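Participant: Structure provided below as structure tokens; questions to follow.
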């Protein structure tokens, strides 16, 4: 981390730290990264993400990038998406991937869990209607299998349908033939992912990040 | 009643065993004499006319079959014991099997001694070469990779640092104790003590498996203790050889210690490399076994065993080689071999490891009676106490350090279970047995002490761990089936986290894992997996596995009036496909005669037609006409069909979308584990097929709908617009998306049949929604 500039806005960092829970050091590192990605501009655009080589081979790349520009992830009742984000928004999105600290109450843990699952939910629910419809879910699975060619596309539908049915069965139970299951709501989403320990598995270790290794 | 008969049989068996032992071993001269007799007879026959004996109608010649006979008898005894324990449910729920087996061994040994025979001791060679590998291979092949790699750091810490700490603590303190007055006569020097410490400090995989299997604790703890028991083999091997080598010399220099560390790295990494090489060879071989399915399991076993032996040749860690071989082999071999081979491998491994396990414990008991003992109160008691203390201190200390790096911290309860679950077993015993009594005059004392520790851990800790687990309310293993949603999201999370790491610029855990996966997919899988399976992504493989399971469940349950499925058939496709409802086409009602006709045709043709039924948790039946039970399946299926007819719900359609033969990828993916069936499929073009397509072929929409669900990949949930029953052998269903049904039909010679069946009068418009057609 050779030339590490001194924090330009200590005060700003402190407020950010309080808001997102990162330490000052981590914020510094992330700020460096932000500047690197945005080529030293104030804001980050979608195109800037294209410079990251490794991201290109990720099947859900577009959804990840979209998540950064989604207002719903910035604050509670945001709607729609933006074209460019500042460092604060970048940090806010990153804060979804923090690990739970050791001394955390049950409530806080539950809160964190909900927040992370909300992030995931927002990634799936692209039209922001509060439910993940079958099409959206299909899209998710298709993207996941998008690197598998023809096989993927056709099986994806089957898998998505199966998954949807599973959710419907678990959440709603017996349905008459003419009822229609709208889609997965957030509460149902929470329920089906109960088995996956989100708060511990959805995290990045922000401990040591060597930003200089990234000049590709 | 059962029990009494069983006990009688058992008694007879044990009796015969001892008699035979006695008869055979009492004169080894007996063999000699009979040899002589043979010679004499031959000679006599040639030379002189010896007295002509009457032709022996019945003669006794036990010696030629002695060895295999005795081995078989022992194995039979062991298996009968195992059988017996499970007949007595009360006992087996309190006392773990291993304890009971040791007790049996003690009894048998005691009986033998009473009779006057010397009971056979557990020879180290037999143990290490024949009894141990099956257990380890079983463990390695079925090792849950994901939790193992996630906790690898912790496991390695416990295995390496923990074992080292234990060895030195116990060895050192024992030496100190032995220096006290009254024990000087033992002449136990430091190196011998350290050697003893290193032998006794290793947690034993056999014992851990035996006990932990019965208590069903959560995956994390299980993998921690079990992983530790596997990986500490390298440390044990190195320490053992190190101390054994130099105990005669008497001193160890710093160079030796340094060499020891290098040796450790060589032993562990070398073992893993050897195992991996053999694993890759096995995977590669399995790529070509599509024509010789019968010997597929043999390759897996042979390569793994050779890996173990090869590692042992170089004094590398055989256990780690075996684990590496099993873990590397599995993903590739499973993609290549047939379903039956997979089952065979699974059952053989379980069988062998079970027998080995039983034999080991019984022999431990017998050896206790047999082995030369030298009891020394202080030494033995101190050993037991020190090993316990060392374990507890080691675990607590290490956890303190480890928790700094873990996200999911280990609680005190976890630590207790880890410490308490550190059982010692037969490996320690065998290692001591291997010691040369001349170099180690106190070998017998060591033997006694080790046996005491083993007994203590297995009996006391083994028996009390279950109530303690319940008392402390330790999290138990989740029995829930893995749902497809969880699988999807696990994959999704993997990619998401990798992506975020890339954005952060952080080369972490996920980044490297992703790189490894991509490397695997791009190069390794292509080499090692035959055909199209190499490109099948994990999610699809998982999905197909679930379908197969559903199918098998369904067939096994015979398909009653209530169709069993993992999820109750309460929600169907139409509930989540509302936009299809405007286009729904109910099936027209056929007259009785028609139905009968169709049914007859089906019956005759089903014998030859390959059906590919696809649905998730409905009627799934992936059949292979070359498999046994084909007819049974057919009969069951027909029964199911007839029963369903009675159910008047639109939801229960049986849809059999045709598999597109043109795309082997797709076909393969359908049959997740029977590639052979796929091979056969291509040749069934000539098989007469029946296509009953009741949806009006004129409407393109219905065709599209059919495509939607009728294609191989789709889930094929019953739904109104499905269009009916289509049982086709491989034909080009894939192209249906682009062409109309008519074109499709033209390609089929059997279409005439179809036409007459599918033009029954009522057109698609006048549907009567309540009458499903189900031939």
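The values are calculated or read from the model by the stated rules, or taken from the named source; none is laboratory data. Values in this document were obtained by computation on a predicted structure and should not be read as measured data. Ideal geometry is used to build each Cβ from the backbone, glycine not excepted, and the neighbour counts take in all protein chains shown.
Participant: For region B:102-123, state whether one or more residues are within 30 Å of residue B:299 (Cα to Cα) and in contact with a helix residue (DSSP H, G or I) (Cβ under 8 Å, 6 or more places away or on another chain).
Facilitator: Looking through region B:102-123, at least one residue is within 30 Å of residue B:299 (Cα to Cα) and in contact with a helix residue (DSSP H, G or I) (Cβ under 8 Å, 6 or more places away or on another chain).
Participant: May I pose another question? Working only within region A:90-103, note down all residues that are farther than 21 Å from residue B:489 by Cβ and surrounded by 14 or more Cβ atoms within 10 Å (Cβ to Cβ). I'd like the intermediate steps shown before the answer.
Facilitator: So the first thing to find is which residues in region A:90-103 are farther than 21 Å from residue B:489 by Cβ, and the list is A:90-92, A:101-103.
If the condition is that a residue be farther than 21 Å from residue B:489 by Cβ and surrounded by 14 or more Cβ atoms within 10 Å (Cβ to Cβ), then A:90, A:91, A:92 are the ones that fit.
Yes or no, residue by residue, for (1) part of a helix (DSSP H, G or I); (2) touching a helix residue (DSSP H, G or I) at 6+ places or on another chain (Cβ under 6 Å); (3) more than 30 Å from residue B:448 (Cα to Cα):
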position	(1), (2), (3)
B:346	yes, no, yes
B:354	yes, no, no
B:359	yes, yes, no
B:373	no, yes, no
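Participant: Something else now. Report, by residue number, each residue of region B:87-114 that is more than 31 Å from the chain's Cα centre (by Cα) and without any contact (Cβ under 8 Å) to a residue 24 or more places away in the chain.
Facilitator: If the condition is that a residue be more than 31 Å from the chain's Cα centre (by Cα) and without any contact (Cβ under 8 Å) to a residue 24 or more places away in the chain, then B:114 is the only one that fits.
Participant: Tell me which of these residue B:470 doesn't satisfy, since it passes every other one: (1) modelled with pLDDT of 80 or more; (2) more than 8 Å from chain A (Cβ to nearest Cβ); (3) crowded, with 18+ Cβ neighbours inside 10 Å.
Facilitator: Of (1) modelled with pLDDT of 80 or more; (2) more than 8 Å from chain A (Cβ to nearest Cβ); (3) crowded, with 18+ Cβ neighbours inside 10 Å, only one is false for residue B:470: (3).
Listed here are the residues, each with its yes/no results for (1) more than 9 Å from chain A (Cβ to nearest Cβ); (2) crowded, with 22+ Cβ neighbours inside 10 Å; (3) more than 28 Å from residue A:52 (Cα to Cα); (4) touching a strand residue (DSSP E or B) at 6+ places or on another chain (Cβ under 9 Å).
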{"position": "B:456", "(1), (2), (3), (4)": "yes, no, yes, no"}
{"position": "B:459", "(1), (2), (3), (4)": "yes, no, yes, no"}
{"position": "B:462", "(1), (2), (3), (4)": "yes, yes, yes, no"}
{"position": "B:474", "(1), (2), (3), (4)": "yes, no, yes, yes"}
{"position": "B:478", "(1), (2), (3), (4)": "no, no, yes, no"}
{"position": "B:489", "(1), (2), (3), (4)": "no, yes, no, no"}
{"position": "B:497", "(1), (2), (3), (4)": "no, yes, no, no"}
{"position": "B:500", "(1), (2), (3), (4)": "no, yes, no, no"}
{"position": "B:505", "(1), (2), (3), (4)": "no, yes, no, no"}
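Participant: Could you tell me whether residue B:509 is under 24 Å from residue A:68 (Cα atoms), buried (at least 22 other Cβ atoms within 10 Å of the Cβ) and touching a helix residue (DSSP H, G or I) at 6+ places or on another chain (Cβ under 9 Å)? Please lay out each step first, then the result.
Facilitator: Working: under 24 Å from residue A:68 (Cα atoms): yes; buried (at least 22 other Cβ atoms within 10 Å of the Cβ): no; touching a helix residue (DSSP H, G or I) at 6+ places or on another chain (Cβ under 9 Å): yes.
When the stated conditions are applied, residue B:509 does not pass them.
Participant: Would you say residue A:99 is closer than 30 Å to residue B:403 by Cβ and part of a loop (DSSP other than H, G, I, E, B)? Write out each step before concluding.
Facilitator: Values: closer than 30 Å to residue B:403 by Cβ: yes; part of a loop (DSSP other than H, G, I, E, B): yes.
Answer is yes for this residue.
Participant: Continuing with the same structure: Tally the residues that are surrounded by 14 or more Cβ atoms within 10 Å (Cβ to Cβ), within 11 Å of chain B (Cβ to nearest Cβ) and outside any helix (DSSP H, G or I), restricting the search to region A:52-69.
Facilitator: Number satisfying all stated conditions: 4.
Participant: Which condition breaks for residue B:523 when tested against (1) surrounded by fewer than 14 Cβ atoms within 10 Å (Cβ to Cβ); (2) under 26 Å from residue B:222 (Cβ atoms)?
Facilitator: Unmet condition: (2).
Participant: State the number of residues belonging to region B:161-171 that are in contact with a helix residue (DSSP H, G or I) (Cβ under 6 Å, 6 or more places away or on another chain) and within 13 Å of residue B:202 (Cβ to Cβ).
Facilitator: Adding up the residues that qualify gives 7.
Participant: For region B:306-321, which residues satisfy the criterion of being surrounded by 18 or more Cβ atoms within 10 Å (Cβ to Cβ) and touching a residue at least 40 places away in the same chain (Cβ under 8 Å)?
Facilitator: Of everything in region B:306-321, those that are surrounded by 18 or more Cβ atoms within 10 Å (Cβ to Cβ) and touching a residue at least 40 places away in the same chain (Cβ under 8 Å) turn out to be B:308, B:311, B:312, B:316, B:317, B:318, B:319, B:320, B:321.
Participant: Taking region B:396-413, which residues are surrounded by 13 or more Cβ atoms within 10 Å (Cβ to Cβ), in contact (Cβ under 8 Å) with a residue 60 or more places away in the chain and facing chain A (nearest Cβ under 10 Å)?
Facilitator: B:406, B:408
Participant: Check region B:331-345 and report whether any residue there is at pLDDT 90 or above, within 30 Å of residue B:264 (Cβ to Cβ) and crowded, with 22+ Cβ neighbours inside 10 Å.
Facilitator: Within region B:331-345 (the criterion being at pLDDT 90 or above, within 30 Å of residue B:264 (Cβ to Cβ) and crowded, with 22+ Cβ neighbours inside 10 Å), the answer is no, since none of the residues qualifies.
Participant: Continuing with this model, one more query. Quick test for you: out of B:283, B:276, pick the one residue that is modelled with pLDDT under 90 and farther than 30 Å from residue B:478 by Cα. Give the derivation first.
Facilitator: Working: B:276 fails: modelled with pLDDT under 90.
Just a single option satisfies the conditions, and that option is B:283.
Participant: Anything in region A:131-146 that is modelled with pLDDT under 80 and assigned to a loop (DSSP other than H, G, I, E, B)? List them, or say none.
Facilitator: Within region A:131-146, just A:145 meets the criteria.
Participant: Can you pull out the helices (runs of 4 or more DSSP H) entirely within region B:403-507 that have at least 1 residues that are within 25 Å of residue B:97 (Cα to Cα)? Even if it seems obvious, please write down each step before you answer.
Facilitator: On the way: elements: B:412-420, B:426-434, B:443-455, B:462-471, B:484-504.
In region B:403-507, B:412-420, B:426-434, B:443-455, B:462-471 are the helices (runs of 4 or more DSSP H) which contain 1 or more residues that are within 25 Å of residue B:97 (Cα to Cα).
Participant: Please work out which one of (1) crowded, with 16+ Cβ neighbours inside 10 Å; (2) away from chain B (no Cβ under 11 Å); (3) touching a residue at least 60 places away in the same chain (Cβ under 8 Å) is the condition residue A:72 fails and give its number.
Facilitator: (3)
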